[in-house]
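The values are calculated or read from the model by the stated rules, or taken from the named source; none is laboratory data. Note that this is a predicted model, so its numbers are computed, not measured. As a convention, Cβ positions derive from the backbone with ideal geometry for all residues, glycine included, and neighbour counts pool all protein chains shown.
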Amino acid sequence: MSGHKKNTPIPKILKRVRVREQVLEAAEEISYSFSLSPLTSRVLSARGFSVGEDLKNYLVPTLKSGLPDPSQLKNIEAAAEAILEYGTQDRGIAIACDFDVDGLSGGSLVHDFLKKAGIRSQVYVPDRFHEGYGLNERIVLDAKKHGHKVLLTIDYGTTNGTELELARSHDLFTIVIDHHHVRENPPADIFVNPHQEGCGFAEGTLCAAGLGWYLIVVLNRKLQEEKYSHVAQEKKEHLDPKKYLDLACLGTICDMVPLRGANRIIARRGLENLSKTERVGLNALKSVIGARGNITCSNVSFGIGPRLNAAGRMVSGELVIDLLTTNSEKKAEKLAKKLHRLNLERQATEEKVKTGALQQIQERQSSSPDGLPDGLVVWDKDFHTGVIGIVAQRLVEHFYRPAAVLGYDDGKFKGSVRGIKGMSVVELLSRVQDHLIQFGGHDGAGGFSLAEENVEMFARAFEAESKEMLKDIETHPTVEADTECNLSELTPAVVRELRRFEPLGIGNPSPQLLLRSLKVKSIKLLKDAHIKATLSDGKHEISGMMWRTVSHPALVVGHTVDIVGKADLNTYFGNTEMQINLQAVQLSQ
């Protein structure tokens, strides 16, 4: 059972601790060269930094020095040239993008740029429920019908060989811009994907919105050339790619690509732009979620992103294209409120599907002598396919093992998979592809479809292959500390210094600190949902917050504990206090 106790879900609050290796000599050099505290310098050293350009770009990220040159992105120059060649002859560009935040923000920014350059374009989004993921015949034929000459896909296309051949047969010039796993290059006229052989641009980490942003960087450069001097002369001040980082950062943050290198710069500068954006749609969304001033990753991940995703999950992603590209404040306000209502509906639907999924797992667990399998598969024809991906992620968080959730649409089951750290979801799906109609994805997530009669065979194969893949993978959730410290090192100035690590996310997590032998002085339960503990080393005290948790076996008054968490400042009614958001707690040895 790969180390799991039978019949016992893994509580995510009980985690083993591993401390990163540090090079103390490097930490001292960082502290001296960049005037940083020893604590911050140890964290940077533990993350592999030493004094040099990489660290400088990390601490002070700039577009000029921190981004790889667009010319290194294979075929991007040819893609931009083709778009301008056709577009400036009024031979329209059909943009086909995915229905999640990444595809929608990428499609919106390219469409908005072309529109401002005076190039005719139209955005097509597949219907999640009747068409599913990827390019489809309806989009191809509609693009042809409306007189477009170029079919540009964003966030899919790599595995859409049949549809691309159809487009070619209808005399459409095809360009694929995608970031998903490449088994073989598709039959597109131009293929842009960092994962294709001979590329590896930005270590293959950019999402579709990031690749879309790089496309408009190259488009803008080419528009400065003599042969395009007649194009959009009066509008060129609106074509500055920097103005599109507010859209690029949405996909970058919400698609959970690693926030390092180019992604970190796009996210950081994009959040700055988002904070002062002139896009009426984004401002209407900010108003709906109550976000003012500086916009953070959390505002995007938990506020803006879910509402943009709700459109494709519940009705149609084209609502988002309208919102992100409209110039009408009245229309933007109406659309933002609609997305907010759809998100509330999505939350209720998600809770219903999650409850049904957990009930299936519990029934299977109680009737099986082996307890839970290493791979979880649940299905029901009533499961709403718009939320199965979110529910799969919730199951992973609860049980810490790969999970597939299946709903039913158009005469077949459609599924979504989420995995755990160290395993590839797309590899797992490739191992069971004999049972599938189609599948796709990347390391962390994937989707597929299959015939109803194959569901049980798929479930057995998924469980067996999960067990095999997890043999050499840590199957208990762990939390990794960057460095050990003591309470005397944690000051408001140091916490503000650690904020220079933002934006935080996958590949660039919040600095995690290990503190040992703290006495639990008091415990409070806030709003019947969160633990607040007062922790002391005998001289100093700090508040420890454990969110969405009502009890913990180690957090008992009088216990001595080791903790791992993120240091923060909490301001309440004008008073600011130090606190640490707890990721792991265990009794001191």
Taking the stretch 125-135 and keeping residues at pLDDT 95 or above and surrounded by fewer than 23 Cβ atoms within 10 Å (Cβ to Cβ) leaves none
Within the stretch 279-304, the count of residues that are assigned to a loop (DSSP other than H, G, I, E, B), closer than 16 Å to Ala332 by Cβ and either at pLDDT 95 or above or polar (S, T, N, Q) (or both) comes to 1
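A quick yes/no check of all residues on (1) charged (D, E, K, R); (2) without any contact (Cβ under 8 Å) to a residue 60 or more places away in the chain; (3) in the same structural domain as Cys207 (by TED's automatic domain parsing):
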site: Arg260; (1), (2), (3): yes, no, yes
site: Ala267; (1), (2), (3): no, no, yes
site: Phe302; (1), (2), (3): no, yes, yes
site: Leu308; (1), (2), (3): no, no, yes
site: Gly317; (1), (2), (3): no, no, yes
site: Thr326; (1), (2), (3): no, yes, yes
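This table checks each residue for (1) of a type in the set (S, T, N, Q); (2) closer than 20 Å to Asp112 by Cα.
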residue: Gly303; (1), (2): no, no
residue: Pro306; (1), (2): no, no
residue: Gly317; (1), (2): no, yes
residue: Asn327; (1), (2): yes, yes
residue: Leu335; (1), (2): no, yes
residue: Gln347; (1), (2): yes, no
residue: Glu350; (1), (2): no, no
residue: Leu376; (1), (2): no, no
residue: Asp380; (1), (2): no, no
Restricting the stretch 502-540 to residues that are within 28 Å of the chain's Cα centre (by Cα) and free of Cβ contacts under 8 Å to residues at least 24 places away in the same chain, the one farthest from Ala46 (Cα to Cα) turns out to be Ala529
* Within the stretch 182-189, can one find any residue that is under 22 Å from the mean Cα position of the chain (by Cα), in the same structural domain as Leu223 (by TED's automatic domain parsing) and in contact (Cβ under 8 Å) with a residue 40 or more places away in the chain? -> no
Would you confirm whether any residue within the stretch 240-253 is in contact with a strand residue (DSSP E or B) (Cβ under 7 Å, 6 or more places away or on another chain), within 15 Å of Gly106 (Cα to Cα) and surrounded by 24 or more Cβ atoms within 10 Å (Cβ to Cβ)? yes
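Against the condition assigned to a helix (DSSP H, G or I) and either surrounded by 15 or more Cβ atoms within 10 Å (Cβ to Cβ) or touching a helix residue (DSSP H, G or I) at 6+ places or on another chain (Cβ under 9 Å) (or both), how does Phe439 come out, does it pass?
no
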Among the residues of the stretch 381-412, the number that are of a type outside the set (Ser, Thr, Tyr), in contact with a strand residue (DSSP E or B) (Cβ under 7 Å, 6 or more places away or on another chain) and under 28 Å from Phe302 (Cβ atoms) is 17
Does Ser45 satisfy being outside any loop (DSSP other than H, G, I, E, B) and either within 23 Å of Cys249 (Cβ to Cβ) or in the same structural domain as Leu504 (by TED's automatic domain parsing) (or both)? yes
field: Residue match in the stretch 123-141 (condition: touching a residue at least 24 places away in the same chain (Cβ under 8 Å), in the same structural domain as Val231 (by TED's automatic domain parsing) and more than 25 Å from Val315 (Cα to Cα))
entry: no
How many residues of the stretch 397-412 are assigned to a strand (DSSP E or B), free of Cβ contacts under 8 Å to residues at least 60 places away in the same chain and surrounded by fewer than 23 Cβ atoms within 10 Å (Cβ to Cβ)? The answer is 3
Expected single match for closer than 30 Å to Val60 by Cβ and surrounded by 14 or more Cβ atoms within 10 Å (Cβ to Cβ) among Val494, Val520 is Val494
Out of curiosity, is Ser121 surrounded by 24 or more Cβ atoms within 10 Å (Cβ to Cβ) and at pLDDT 95 or above? no
Going through the stretch 395-419 in order, the residues found to be at negative phi and touching a His at 6+ places or on another chain (Cβ under 9 Å) are Phe399, Arg401, Gly407, Asp409
In the stretch 254-306, residues that are touching a Ser or Thr at 6+ places or on another chain (Cβ under 8 Å), under 19 Å from Cys207 (Cα atoms) and either of a type outside the set (D, E, K, R) or crowded, with 21+ Cβ neighbours inside 10 Å (or both) total 12
